[in-house]
Amino acid sequence: MKKSSVLQSHFYILLGLCISLSACQPGNVIPSPPSAESNSSSNSEAATVTTIVHFQGDNGSNPLGLVRARDGNFYGITEGGRIGPGVIFRLTPNGQIQPIVHLHGETQGYNPEAELILGRDGNLYGTTSGGGANGQGFGTVFRVTTGGELTTLAVFDHKNGSSPQRPLMQAQDGNFYSTTYTGGDHQQGTVFRLTPAGELTTLIHFNVDRFPGALDLIQDRSGKFYVTHGNFYGTEYMADGAATIFRLNNDQALEPFARFAGLNENLSRDAYPSRLVEAQDGNFYGVTLFGNFFRLTPDGQKTTIATLDRNFLFNRLIQGSDGNFYGTAIGPEPPDPGIVFRLTPQGKMTPLGYFRGNNGSQPNSLVEVENGTFYGTTLMGGNHDQGTVFKFTINP
């Protein structure tokens, strides 16, 4: 099932569950969007958001994020398209979009679930959650040049993992690391390492008491790895959103670093944590799906800084050059298909722009390209309801 379909079908289930629990209080309520009919939304005190691309099938559908390459252009990947199960595209700064690869599912993989990353060699790297090996694979890792030459570097065979759903990360040693959501020795996901030459090594086979699987993996400035394992919103494993963040020791042993209790009457928002951000102050920050903005110290002490609007589902954060955090959230449709927002380290939230469907719906990850200028994508919405690319600039 496409992520877009899952998001739509599960939103009200999760939202209803949260509201039904006594501890899921409203929090900091996001104001309703002002009425508008154009492709731009503005807030005189915050930002101007402009839609620059409407996906329509030939150029892909349901984009998963952007990365800026050395040539100054943006590159991204979509879940689908009119030709093949996914499109890799180039986007110029002035808004001209061109598909450079139409994925062939059996040989190159299908159902990409994570954005591309830029490698140190100037090439782009990504994953598909299924396919490869003439249709016998369980997902792939690939390299693609900015000219559109794609090379499959590795194919998962279920024994070494299945269904990579999170972005790759190029670590300090030059290798790529990430996770598979399922597969491995215990069917609960894996952590893997991939050399630039394509040598795949499974480092961790998860075997824990809770539901699968392995989710986000990051490396901090000191070289330590942190991986989240638990229930993932948007998959068949709904459960209660409980999760554990592990730290990987030098001997590749897992050490529990922070726990999230999941949906329950006492900690109903402590569920489905986003990818961690190592901030300028040396702490880690993140947000749970229902809006617990939290901080983790390097020794694993967790503090909830603010409780955000329960009527939105929050995606991962990035830290801007100004020291604030920026992110997106998905709202109930209608009337609030989503927002972009700024969040101070102290927890003050400011909506920067609203999505109304015609200018996009279900926004996902952001990237800052200059001081105060950000780009992002929406999974759906726009003129053809197949997603958009948007830009916003913080107003002085």
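Since every read-out is calculated from the coordinates, none of them should be taken as a lab result. Quick caveat, the model's predicted, so the values are computed rather than measured. Positions of Cβ are backbone-derived with ideal geometry, glycine not excepted, and every protein chain shown enters the neighbour counts.
Volume per residue for the stretch 143-197 equals 90 cubic angstrom (convex hull of Cα atoms).
Listed by Cβ neighbour count within 10 Å, with the fewest neighbours leading, 166, 269, 221 appear as 221, 166, 269. Normalised by residue count, the stretch 58-186 yields a Cα convex hull volume of 92 Å³ per residue. Shape summary: the stretch 99-250 maps onto an equivalent ellipsoid whose semi-axes, from the alpha-carbon gyration tensor, are 24, 19, 13 Å in decreasing order. Each Lys or Arg adds one and each Asp or Glu takes one away; over the other residues whose Cβ falls under 13 Å from the Cβ of residue 375, this sums to -1.
Taking other C-beta atoms within 10 angstrom as a stand-in for reagent exposure, 373, 51, 127 fall in the order 373, 51, 127, fewest first. Look at where the Cα atoms of the stretch 276-302 and of the stretch 120-152 average out, and the two centres are 31 Å apart. Shape of the stretch 108-180 from the C-alpha gyration tensor: oblate (a/c of 1.5 or more and a/b not above b/c, with a ≥ b ≥ c the square roots of its eigenvalues).
Cβ crowding within 10 Å ranks 218, 245 as 218, 245, fewest other Cβ atoms first. Applying 0.36 nm per residue to the separation of residue 159 and residue 136 and subtracting their alpha-carbon distance, the gain on full extension is 7.0 nm.
Determine Rg/Rh for the stretch 303-364; Rg is computed over alpha-carbon atoms and Rh is the Kirkwood hydrodynamic estimate from the same atoms. When Rh is taken as the Kirkwood radius, the ratio is 0.98.
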